[in-house]
Amino acid sequence: MWRIRKEMAREDQDFRMVVIDDASEDGTAEVLEPYRRVLPLTVLTHDRRRGYAASLERIVRHVLEESGYHRRDALLTLEADFTHDPAALPEMLRRFQSGADLVHGVPRRRGPTPRAVRWGRKLVSHLTGGLPLPEEVEAPFSGYRLHRLFVLRRVLEALEEGEPMLAYDGWAANAELLIKAVPHARQIEQVSFDLAYSRRYRESRFRLLSELWSVFRASRDDALRRRAPELGVEGGAG
């Protein structure tokens, strides 16, 4: 959080932080309390574990409700386990201010990668044949991403009544949101960032079989395939 504040202050940007406590058992509420007194921080909580997709959707809906400037403001998502380096924030913001509606983070791996994650990356490419992923977007399963709020609003408006924004969890949720957001984004760009698993301070909740099963199910989803992206991607990894 201090790193994020530092990067945003350097850019002289108004910002808010939103953290979701998905029925955590590691003392998240207690750890965050001192930060709430000195940072523009909102903590959302679940009374039971609901998973990544439901948590991300709740953050999206909360931010859309709080902001009255959906064409001016953006939601930037990153993992809370220190693997995503906030140093990429300034460049992502500059791309957004230059007109990009979606700025996708492309990981550059630094240091060792957990074995389960390495195997997952090797296997997942064999399961994505049915997903209408934009070819120009690298690492579509990355969750380090900036969306203009107008794009996220359009994603929600396209849902049927009672339909969740994301039907799949984990890596599949990131790819699913990309597929649903791209048709509403006029300009999409990419920015590379350092991905370092050595910065983690707790055991990973990554479960290889669960991740692969979610990706497999998403790739067989006819409704998701019909949402094929209509726009190309401008720019490359920065």
Check your understanding: Looking at the stretch 39-59, is at least one residue in contact (Cβ under 8 Å) with a residue 24 or more places away in the chain, among the acidic types (Asp, Glu) and under 21 Å from His147 (Cα atoms)?
Key -> yes
Point to revise | Subset of the stretch 23-50 (residues that are loosely packed, with under 15 Cβ neighbours inside 10 Å and in a helix (DSSP H, G or I)) | key: Ala29, Glu30, Val31, Glu33, Pro34, Arg36
Revision key, fill the gap. Here the residues within the stretch 95-116 that are in contact (Cβ under 8 Å) with a residue 60 or more places away in the chain, surrounded by fewer than 20 Cβ atoms within 10 Å (Cβ to Cβ) and under 18 Å from Gln13 (Cα atoms) are Gly99
Check your understanding: Residues in the stretch 7-22 that are in a helix (DSSP H, G or I) and surrounded by fewer than 17 Cβ atoms within 10 Å (Cβ to Cβ): how many?
Key -> 2
Exercise for review: Taking the residues in the stretch 176-203 that are under 30 Å from Gly27 (Cα atoms) and surrounded by 15 or more Cβ atoms within 10 Å (Cβ to Cβ) as candidates, determine which candidate is modelled with the highest pLDDT.
Suggested key: Leu177
Practice item. Go through the stretch 1-38 and count every residue that is touching a residue at least 24 places away in the same chain (Cβ under 8 Å), more than 19 Å from Pro86 (Cβ to Cβ) and not hydrophobic (A, V, I, L, M, F, W, C). Key: 3
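Name the residue, out of Ala175, Ala158, that is among the small types (Gly, Ala, Ser) and closer than 28 Å to Arg108 by Cα.
Checking each option against the conditions leaves just Ala175.
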**Study point:** Breaking point among (1) under 19 Å from Leu212 (Cβ atoms); (2) touching a Phe, Trp or Tyr at 6+ places or on another chain (Cβ under 8 Å); (3) exposed (fewer than 15 other Cβ atoms within 10 Å of the Cβ), for Trp119
**Key:** (2)
Check your understanding: Yes or no: Val151 at pLDDT below 95 and either among the aromatic types (Phe, Trp, Tyr) or surrounded by 17 or more Cβ atoms within 10 Å (Cβ to Cβ) (or both)?
Key -> no
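The values are calculated or read from the model by the stated rules, or taken from the named source; none is laboratory data. Since the structure is predicted, the reported quantities are computational estimates derived from the model, not experimental observations. Quick reminder, even Gly has a Cβ in these numbers, built from the backbone with ideal geometry, and neighbours come from all protein chains shown.
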